[in-house]
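The values are calculated or read from the model by the stated rules, or taken from the named source; none is laboratory data. All of these numbers come straight from a predicted model, not from anything done at the bench. Glycine gets a Cβ as well: all are built from the backbone with ideal geometry, and neighbour counts include every protein chain shown.
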Amino acid sequence: MKLIHALSVLIFSLCCFSCSDDDGNAAPNYDSISYYITSTKTSYTQADPFLVNNESRMRGNIVDNKFFSETYFHPDGTEETFQNFGYLDGKLNTYGGPYEGSKFYYATDGRLSGIDWSDDTMNTSFRRFSHHSGNVVYADKMSERFEDASAVVLSRVIVVLDSDDNIIKAGPDANLDGDMDQVNTFSYVNGNLVSAQLFTGGQLEYTYSNVRNNFSMLNDNSFGKQVERLRYSELYALDYFSYHPMHSRNLTTTTISSGSYDVLDNGLYRKSTVNNVFSTGQSLVATEFFFN
């Protein structure tokens, strides 16, 4: 019996040691980002007293895999942190920095109903979102807050969502009759925008890499996938669509070819380095992600 007891104690001790060692060396969860750091170095080739070479560094702080705050590191060694994102009951409530910001409102069913925007110069913008059958949403610009009885519709864009909250149709409704005046149509594969048929007759097509779009994932987590797209309703309804598909799950092959990416096994990237060349110089932007 003493031998059995001694063996039991030894086995228990070995198990505890093994568990403790595993916990102390737990692998990072590469689907959960804790923060990222963006470093930018800008240099100018053109002699101009107003163009000064500079470096900047910012840390984006992530909480629960959502954007939370940004910390700016100044050349004099000081730093400032701004909480850009505020949440209430798990939904984005406020968004913005020290000079401008937005407040988000939701209906009792949890869907977006309004966005108020204002800046430090007293400029304001009010938007109302009404949801209709067939995944149709009216995105209205209002004269006052959407809940104000005196508010009138200044302009309207209509969008249609698919079952995954991607915008598949969008267009203006100038006379507010509930029908799009012209229609842009969008097609998706695996969460990526692959083509856009514009009402002008233009056709745009996009191809994708296997690298996931870290910022698109964080935006969807922070704003909510549907909200993130609805707040850009007007962009989808334009008569041109020259923007890269910022809401796609993966990075385009064009984006990948413009820089270098250190890619993880799950498709997210650990670090990117992109050199942007412009008429008077260049800007080297390095972004590194750190995981929980």
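Rundown of residues vs (1) at negative phi; (2) part of a strand (DSSP E or B); (3) touching a strand residue (DSSP E or B) at 6+ places or on another chain (Cβ under 6 Å); (4) of a type in the set (Asp, Glu), yes/no style:
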residue: 95; (1), (2), (3), (4): yes, yes, yes, no
residue: 102; (1), (2), (3), (4): yes, yes, yes, no
residue: 115; (1), (2), (3), (4): yes, yes, yes, no
residue: 129; (1), (2), (3), (4): yes, yes, yes, no
residue: 134; (1), (2), (3), (4): no, no, no, no
residue: 138; (1), (2), (3), (4): yes, yes, yes, no
residue: 145; (1), (2), (3), (4): yes, no, yes, no
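When 38, 42 are screened for being under 29 Å from residue 280 (Cβ atoms), part of a strand (DSSP E or B) and at pLDDT below 95, only 42 passes.
Taking the condition crowded, with 16+ Cβ neighbours inside 10 Å, of a type in the set (Gly, Ala, Ser) and modelled with pLDDT of 95 or more, does residue 224 pass? Yes, satisfied.
If you filter segment 52-61 down to residues that are surrounded by 13 or more Cβ atoms within 10 Å (Cβ to Cβ) and in contact with a Ser or Thr (Cβ under 6 Å, 6 or more places away or on another chain), you find that the one that is farthest from residue 219 (Cα to Cα) is 56.
If you scan segment 259-278, which residues turn out to be surrounded by 14 or more Cβ atoms within 10 Å (Cβ to Cβ) and not in a strand (DSSP E or B)? Matches in segment 259-278: 264, 267, 268. The sole residue among 71, 81 that is at pLDDT 95 or above, exposed (fewer than 15 other Cβ atoms within 10 Å of the Cβ) and within 20 Å of the chain's Cα centre (by Cα) is 81.
Restrict the check to segment 236-258 and report whether at least one residue is β-branched (Val, Ile, Thr), farther than 30 Å from residue 284 by Cβ and modelled with pLDDT of 95 or more. The answer is no, given that none of the residues of segment 236-258 is β-branched (Val, Ile, Thr), farther than 30 Å from residue 284 by Cβ and modelled with pLDDT of 95 or more. Of note, residue 164 does not satisfy the criterion of being of a type in the set (D, E, K, R), under 26 Å from residue 85 (Cα atoms) and either surrounded by 15 or more Cβ atoms within 10 Å (Cβ to Cβ) or in contact with an Asp or Glu (Cβ under 6 Å, 6 or more places away or on another chain) (or both). Restricting to segment 158-173, name every residue that is within 14 Å of residue 129 (Cα to Cα) and within 19 Å of the chain's Cα centre (by Cα). Correct list: 161 only. With respect to the conditions (1) exposed (fewer than 14 other Cβ atoms within 10 Å of the Cβ); (2) within 20 Å of residue 226 (Cα to Cα); (3) touching a Phe, Trp or Tyr at 6+ places or on another chain (Cβ under 7 Å), residue 98 lacks only one, and its number is (2). Pick out the one residue from 170, 174 that is buried (at least 16 other Cβ atoms within 10 Å of the Cβ) and closer than 20 Å to residue 238 by Cβ. Residue meeting the stated conditions: 170.
Of the strands (runs of 3 or more DSSP E) lying entirely inside segment 153-193, those containing at least 3 residues that are polar (S, T, N, Q) and on the phi < 0 side of the Ramachandran plot are 184-189. Every condition in (1) touching a helix residue (DSSP H, G or I) at 6+ places or on another chain (Cβ under 7 Å); (2) more than 30 Å from residue 289 (Cβ to Cβ) holds for residue 153 except the one numbered (1).
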